[in-house]
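Where a number appears in this text, it was derived from the coordinates with a stated rule and is not lab data. None of the values given here were measured: they were computed from a predicted structure.
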Amino acid sequence: MTATEPEERRRRGREKGEADSMAEETVTIDCGGLSCPEPALMTKETLATTDARVVEVLVDSVTSRDNVLRTGTRVGWEGVWEERAEGGFRLVFRK
């Protein structure tokens, strides 16, 4: 992984989120293929700096799901998760 790949993943998520809804901006962080602690660190940084009201995080392991959910709730966001049909998990955080 290059040093800029996590930022590229966040940028793509912001672009996707901006197109999703004018009323409720969503940022998507695609952490597929990353191992802990990277998904939790990326989530923590995004939640601390975003202006979005909704942050979606995609992970592909139970460990990442649990760590990301715990990280989000520790910094004051409410999070829920669902299993994805294509595998992995989708977590949604709301402020």
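Mind checking the full-extension length gain between Arg53 and Asp66? Use 0.36 nm per residue of separation minus the Cα-Cα distance, one decimal, nm.
Here the answer is 2.6 nm.
Under the rule of at least 5 residues apart or a separate chain, name every residue whose amide H is placed under 5 Å from the amide H of Val27.
Distant-sequence amide H within range of Val27: Val54, Val55, Glu56.
Once fully extended, how much extra length lies between Arg94 and Arg74, figured as 0.36 nm per residue of separation less the alpha-carbon to alpha-carbon distance?
Roughly 5.9 nm would be gained on extension.
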